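Shown next, in structure tokens, is the structure this report addresses.
Only the coordinates and a few stated rules stand behind these numbers; no lab work does. On a predicted model such as this, the values are computed, not experimentally measured, just so you know. Neighbour counts are summed over all protein chains in view; Cβ atoms, including those assigned to glycine, are modelled from backbone coordinates with ideal geometry.
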Amino acid sequence: MHINPCLFILARPPHQVVWNYERHTQFELDLHYSTRLAQLVANPLQFDIHNPIDADFLNTEIFTEEPRKPIEWNWDELSRIFHIGTKNIPCAEVPRNVDEWATLYLQHCNEVLSSPAPSPQTKTYPVGRIVLAPCTLADIRDVSLAQTLVGRSTSRSFGEHAVSIEQVGTLLYLTLGYLNERRGAREACGPDALDARRSSPSGGGLNACEGYLYVRHVTGLAPGIYAYHPDAHALSLIRPLPDEPLGHLLCGQHFINPLPFGLFLTSRFDKLWWKYQHSRAYRMAFVETGHVSQAFLMVATALGLDTWLTGALADREVEHLLGLEGTCEQPLFFVGCGHGDGQVHCKELMALIDRQEIAS
Ligand SMILES: Cc1cc2nc3c(=O)[nH]c(=O)nc-3n(C[C@H](O)[C@H](O)[C@H](O)COP(=O)(O)O)c2cc1C
């Protein structure tokens with residue numbers, strides 16, 4: 001007999017829970033079952049089909065008669081558990097035609113709406129709001145999509161020039177703002193909170209992605225960390241800039257320290273949990289953030305700014321900076337822009353490469 005390789009065990013006192021993450025089944029083991037499983041893991045040859053516990057292990061596929069063909073997975077266990085564990089989710093009822101789909105969809109919406117929607121904001125900010133000027137699109141009206149697509153690139157060499165508050169306003173409105181141009185796009189079965197539309201698509205229309213500004217050098221805006229309110233196109237100051245440079249918050253990528261302006265992108269997991277109660281929706285948090293990130297990069301490029309992005313966050317420090325500790329809103333990504341020489345690498349790395357080339 002062979003132990004199924006797609007299992008993990010959770011300690012949930014007083015039991016152990018064996019989770020088959022491929023089949024999406026879970027079994028609670030009492031002390032007898034847990035002890036027997038430990039014995040069989042230590043020595044599978046002790047498996048005895050006449051032992052009722054062992055027979056249960058076989059019936060539930062915790063053990064299998066034939067060894068499982070290993071799946072090719074060259075990453076770590078955790079990524080494998082998450083990916084396979086969120087694949088092939090069993091669906092109670094798969095609609096067989098569009099009428100059945102419509103009925104089930106409406107039923108799902110009604111079920112979701114029977115519990116209160118998460119509040120639009122996780123926190124309130126005591127300091128007065130800074131309302132940004134309405135975005136006129138004037139700055140980018142004449143820039144073509146083709147020009148922007150071929151012009152976007154990642155720069156790692158920024159200078160000290162400031163970005164203007166007008167550019168920041170345009171970037172925020174077109175990246176995260178709830179578009180005035182799309183107001184009234186109400187979903188027939190959604191609550192008012194799901195009316196808001198952005199330039200990027202949003203899983204379930206929930207707008208789970210939020211943005212926090214890192215302002216270092218923006219004309220018309222004091223340096224600091226700000227929350228963006230997408231409904232009001234406004235900012236709230238959270239705190240002054242930390243003493244440590246930006247690179248400290250981004251896993252030591254210190255070439256980015258001169259960046260004048262950036263945006264931490266977060267996801268409101270409570271919004272996703274409300275509508276989608278399976279962990280597969282976790283994938284959507286990142287997909288949505290990627291859409292928002294691309295919108296930011298495109299708008300910044302259209303404004304003539306150089307752009308940079310990273311997912312390498314010092315999570316604990318960033319959560320503290322944004323005031324998100326202990327909440328179900330999590331920082332996922334960072335995008336930034338400014339003026340630079342558009343170089344792929346900073347001058348320090350280029351100098352090192354040059355020295356190595358000369359030496360070899
Ligand atoms: C998900 C993601 C994460 C990235 N993380 C980093 C990063 O941590 N640091 C960095 O300098 N660039 C990062 N980049 C930028 C890529 O290195 C860059 O997009 C790639 O080299 C292609 O160059 P291009 O953007 O100029 O086309 C990231 C890009 C993506 C899409």
Q: Give me 124, 35 ranked fewest to most by other Cβ atoms within 10 Å of their Cβ, as a rough exposure proxy.
A: 124, 35
Q: Starting from the Cα-Cα distance between residue 325 and residue 28, subtract it from 0.36 nm times their residue separation and give me the gain in nm to one decimal.
A: 103.7 nm
**Q.** Radius of gyration and Dmax over the Cα atoms of segment 2-85, both given in Å
**A.** 13.0, 38
Q. Residue 179 versus residue 160, label points 7 Å from Cα toward the beta carbon: distance in nm?
A. 3.9 nm
Q: Enumerate the helices in the chain for which the Kyte-Doolittle hydropathy averages 0.0 or more and the C-alpha atoms extend at least 27 Å along the helix's axis, using complete DSSP H runs.
A: 281-302
Q: Report the local net charge at residue 258: Lys and Arg +1, Asp and Glu -1, summed over other residues whose C-beta lies under 14 Å from its C-beta.
A: -1
Q. By counting other Cβ atoms within 10 Å of each Cβ, how are 256, 358, 165, 84 ranked from fewest to most?
A. 358, 84, 165, 256
Q. Once all Cα-Cα distances of the chain are split into 20 Å bins that start at 0, what whole-number percent is in each one?
A. 23, 44, 27, 5
Q.
Taking every DSSP beta bridge with both residues inside the chain, roughly what % is antiparallel (nearest 5)?
A. 95 percent
Q. Can you give the helix-only mean residue ellipticity at 222 nm for the chain, where every DSSP H stretch with n ≥ 4 adds -39500 (n - 2.57) and the sum goes over all residues, rounded to the nearest 500 deg cm²/dmol?
A. -9500 deg cm²/dmol
